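Heads up, the thing below is written out as structure tokens.
The values are calculated or read from the model by the stated rules, or taken from the named source; none is laboratory data. Just so it is clear, the structure is predicted and the values come from calculations on it, not from any experiment. For neighbour counting, all protein chains shown are included, and Cβ atoms are generated from backbone atoms with ideal geometry for every residue, glycine included. Surface areas here come from the heavy atoms of the whole protein model, side chains and all, with no ligands, DNA or RNA. Shrake-Rupley method; radii C 1.70, N 1.55, O 1.52, S 1.80 Å.
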Amino acid sequence: MTKTNQAIVVTLIALISSGCTQRIQDLGDSLKFAYQGYPDVQKSWNEINALPYASLYAQLDNGPQGFMVLAFVEPSQHPSPNLKWLSGDNEMLVTRNGRLVKTVNLTDGNLTATHTDSPDPLSVGLNTITMPHTWSRTIDWQPGNHSGYRADSTFKRGKPQNVSVNGTPVVTTHYTEFVTIPALDTQYTNDYWIANDTGKIIKSYQHLAPGLPAVTLTHLKSYQGGEDD
């Protein structure tokens with residue numbers, strides 16, 4: 001058995017032993033369920049803390065939220081690793097420093113790659129950067145085999161806001177990322193809520209690519225291996 005398969009088995013055993021045996025409650029209630037009218041998934045803090053894995057809520061557009069667990073941590077060409085969050089039907093979200101850099105098996109299309117030669121402001125810490133701040137990357141997405149589109153971002157700091165994380169209030173500052181795809185003359189915005197005490201991303205609203213769904217991530221139990229997720 002490969003290390004990857006072992007990781008999947010261990011994750012499944014841990015979740016089953018925690019009592020999450022119903023289909024709507026197993027390995028990170030499927031994001032597909034959100035499109036099929038299932039209600040929001042809500043875990044207790046006891047359930048969340050009992051799992052030995054990092055976890056988050058994920059919500060596609062305005063659909064119900066699903067629960068996802070960290071299944072894999074893989075090295076990247078950047079200082080921070082890629083974190084792979086898995087759902088029950090094998091949809092996968094890949095984050096690095098809290099940014100969605102790839103998705104797999106989402107119904108409406110996927111962000112297939114993100115490339116950058118300069119540090120992502122999310123990796124530096126939005127609370128430490130002079131605003132406004134600019135940054136660029138390239139993204140690939142499907143359907144349509146879109147490849148190598150430059151995405152130019154300008155970050156701006158907003159106002160302090162209280163964010164509810166699983167019923168627990170957290171004091172944050174809101175930041176907005178204004179994204180432009182010059183080749184398509186398209187603009188959209190991403191939003192981040194950064195904890196005032198730790199500087200970590202507590203919640204984010206991120207567009208995958210032009211024409212694809214936006215994803216809201218609410219971080220519950222953080223990965224402790226070196227990424228501010």
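Does GLY125 meet the test of being at positive phi, open to solvent by 20 Å² or more (accessible area, probe 1.4 Å) and small (Gly, Ala, Ser)?
no
Show me the strands (runs of 3 or more DSSP E) entirely contained within the range 32-125 in which 1 or more residues are of a type in the set (Ser, Thr, Tyr).
So the answer is 55-60, 92-96, 99-104, 110-115.
Quick check on LYS32: is it basic (Lys, Arg), closer than 28 Å to LEU212 by Cα and either surrounded by fewer than 19 Cβ atoms within 10 Å (Cβ to Cβ) or modelled with pLDDT under 85 (or both)?
Criteria met by LYS32.
Please specify each residue of the range 156-200 satisfying the condition of being within 22 Å of TRP141 (Cβ to Cβ) and in contact with a helix residue (DSSP H, G or I) (Cβ under 9 Å, 6 or more places away or on another chain).
If the condition is that a residue be within 22 Å of TRP141 (Cβ to Cβ) and in contact with a helix residue (DSSP H, G or I) (Cβ under 9 Å, 6 or more places away or on another chain), then GLU177, TYR192 are the ones that fit.
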